[in-house]
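Taking it in order: structure first as C-alpha cells, then the write-up.
The values are calculated or read from the model by the stated rules, or taken from the named source; none is laboratory data. For clarity, every value in this text was computed on a predicted model and none was experimentally measured. For neighbour counting, all protein chains shown are included, and Cβ atoms are generated from backbone atoms with ideal geometry for every residue, glycine included.
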Amino acid sequence: MNLQSDDFELFALPVQFAQNRAHIDSRWKELQREAHPDRFAAQGAAAQRVAMQWSVRINEAYQRLKDPLKRAAYLCEMRGAPLRAEDNTAMPTTFLMQQMEWREALEEAQSEADVDSLEAEVTEARRALLAECERLLDEAQDAQAAAQQVRALMFVARFARDIEVRREQLQQ
C-alpha cells in the first residue's frame, strides 16, 4: 500500500463512477484488518503510528468512495474539473426554477402526505442526476459537465435535509 495512492487504487477499484457498494464495503473491511494498529503491537510504537495513519487514510477513502456524491466530486477533481462550489454557483435556469418550485412546495406543505410527495419527487431528481453523472464520467468522459451535475446534487442533498426538518415540524 502507498499513502500517495488515489482512493480507487487503494481499494483496487476501477477509476469510474459506477461501483458496487458491497464490494467497497468488503474491501474496506479487508484493508482495515490489514492496517489495524493492534497487528503491529509487537513491532513497536512507530509501526503502530504508521498503521494508524493507514487506518485514517483508508477511512477517508472509504467515506469518499461509498457516497455517490462524494465519489463523483472526487472523480471530477481527479480529472481536472474542480467543483468550486463555494464560488461557482451558476446553474441552468430550469434547475433554478425547479429549486424555487420545491422551496415553495416545502413552505406550503401542510401534511406528511405533502412532504412525502415532495420527497418522492426530489428522490427521483437525485436518481436522474446520479445517472447523468455516471454517463458523463464513465461514458462521455466529460468531467466539466459532471461537475455541474455534482453541484446540483449538492443542492438536492441539502434540500433533502430541509424536507426532513419540515417533516419533524409537522409531527410536533
- Number of the condition not met by Arg84 [criteria: (1) basic (Lys, Arg); (2) assigned by TED's automatic domain parsing to the domain that holds Arg151; (3) out of contact with any helix residue (DSSP H, G or I) (no Cβ under 6 Å at 6 or more places or on another chain)]: (2)
- Within the range 36-52, track down each residue that is in a helix (DSSP H, G or I) and exposed (fewer than 13 other Cβ atoms within 10 Å of the Cβ). Asp38, Ala41, Ala42, Gln43, Ala45, Ala46, Arg49
- Message: When you check Ala46 against the structure, is it among the aliphatic types (A, V, I, L, M) and closer than 30 Å to Glu132 by Cα, yes or no?
- Response: no
- Query: In this structure, is Glu164 without any contact (Cβ under 8 Å) to a residue 40 or more places away in the chain and under 29 Å from Val15 (Cα atoms)?
  - Reply: no
- Query: Has the range 19-29 got at least one residue that is small (Gly, Ala, Ser), touching a Ser or Thr at 6+ places or on another chain (Cβ under 8 Å) and either exposed (fewer than 11 other Cβ atoms within 10 Å of the Cβ) or outside any loop (DSSP other than H, G, I, E, B) (or both)?
  - Reply: no
